[in-house]
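Working notes, structure below.
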Amino acid sequence: QVQLVESGGGLVQPGGSLRLSCAASTNIFSIYTMGWYHQAPGKQRDLVASITSGGSTNYADSVKGRFTISRDNAKKTVYLQMNSLKPEDTAVYYCNARHVFRGYEDWGQGTQVTVSS
């Protein structure tokens with residue numbers, strides 16, 4: 001089991017920025033694909049961005065050009081830089097870790113992001 005702890009959420013005005021962080025407990029962080037998902041009330045949990053152990057990234061169409069996912073293997077942390085935030089970005093954001101070979105998957109507790117004027 002990998003413990004994942006998200007931080008950095010909060011209340012921000014439209015057009016503002018936030019940086020989310022997810023710290024992992026595992027000593028083999030480098031072999032996990034990391035991702036950020038979000039879930040609004042009454043909606044399904046959807047992928048926002050992911051990053052492989054090799055640094056390849058994938059983004060939902062709705063956030064391309066605005067969000068950037070990155071990872072620091074030495075710090076065992078994945079980040080989501082969120083710029084030009086929109087009210088529709090409002091959701092709970094969850095960190096996800098998936099073992100590259102075994103497929104094991106773990107989730108963080110989530111952090112609330114609210115975009116409102």
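The values are calculated or read from the model by the stated rules, or taken from the named source; none is laboratory data. All of these numbers come straight from a predicted model, not from anything done at the bench. Keep in mind that these areas ignore ligands, DNA and RNA; they rest on the heavy atoms of the full protein, side chains included. Shrake-Rupley method; radii C 1.70, N 1.55, O 1.52, S 1.80 Å.
Backbone geometry of the range 47-62 corresponds, through the Karplus equation with coefficients 6.51, -1.76 and 1.60 at θ = phi - 60°, to 3J(HN,Hα) couplings of 5, 9, 7, 9, 9, 7, 4, x, x, 6, 10, 9, 10, 5, 4, 5 Hz, x marking Gly and Pro. Accessible surface for the chain, divided over its residues, is 53 Å² per residue with a 1.4 Å probe. Mean-square fluctuations from a GNM of the chain, with a 10 angstrom spring cutoff on Cα atoms, peak among Gly42, Gly16, Gly54 at Gly42.
For the chain, the carbon plus sulfur part of the accessible surface works out to 45%, probe radius 1.4 Å.
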